[in-house]
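The values are calculated or read from the model by the stated rules, or taken from the named source; none is laboratory data. Predicted model, so just to flag it, every value in this text is computed and none were measured. A quick note on method: Cβ atoms are made from the backbone with ideal geometry, for glycine too, and the neighbour counts reach across all protein chains shown.
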Amino acid sequence: MTEPSRRDWMGLLARACADRLAALMPDEPEAAFLRPPEIGTVMVRGRIGATGAAFNLGEMTVTRCSLRLATGEVGHAHVQGRSRDHARRAALVDALMQSPRAADVQTRILAPLAEAETAARSLRAAKAAATRVEFFTMVRGEDK
């Protein structure tokens, strides 16, 4: 298995269920806030096609957090919604992934989150496939 990039684990943590992350992280290391969890909004921009002009789609609520572990590693997180707990835990995992404990965190926290995300995507794809309609054209006599 390849090492995940910071972009990969930050995305995984942002998409993860807050309750699942809390269950996987019952004991938290000591950390000092650089920026305590703050709730705000960001403008979501969209684009039609790959070359279309960007447009403002709307605002989305996010919570951000930055902290420093006692060992010096700094972690950041931005998560959708208003969960201060989720943002704090995601920032802790980000900091831990930059520490010597990264392999343990990868196995104990990130791998189960990735498996849960894959299972949820598979279930959603199976439900969508069950409603798939196949269209076909029958040849009529006058079309010959």
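Applying a threshold of 7 Å to beta carbon distances and a minimum spacing of six or more residues, or different chains, the list of pairs starting in the range 22-47 at a residue that is under 27 Å from Thr71 (Cα atoms) and surrounded by fewer than 12 Cβ atoms within 10 Å (Cβ to Cβ) and ending at one that is among the basic types (Lys, Arg) and modelled with pLDDT of 95 or more reads Ala32/Arg68.
List the helices (runs of 4 or more DSSP H) that sit entirely inside the range 70-142 and contain at least 1 residues that are touching a Lys or Arg at 6+ places or on another chain (Cβ under 8 Å), surrounded by 10 or more Cβ atoms within 10 Å (Cβ to Cβ) and of a type outside the set (A, V, I, L, M). Before you say what the answer is, go through the steps one by one.
On the way: elements: 84-96, 102-105, 111-130.
Those helices (runs of 4 or more DSSP H) span 84-96, 111-130.
So that you can scan it fast, the table gives a plain yes or no per residue for (1) small (Gly, Ala, Ser); (2) out of contact with any Gly (no Cβ under 8 Å at 6 or more places or on another chain):
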site	(1), (2)
Ala22	yes, yes
Glu30	no, yes
Leu34	no, yes
Thr41	no, yes
Gly75	yes, yes
Arg82	no, yes
Gln98	no, no
Arg101	no, yes
Asp104	no, yes
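For Met97, the criteria (1) among the aliphatic types (A, V, I, L, M); (2) modelled with pLDDT of 95 or more; (3) under 14 Å from the mean Cα position of the chain (by Cα) hold in every case but one, which is (3). If you scan the range 97-123, which residues turn out to be in contact (Cβ under 8 Å) with a residue 40 or more places away in the chain and among the basic types (Lys, Arg)? Within the range 97-123, Arg108 is the sole residue that qualifies.
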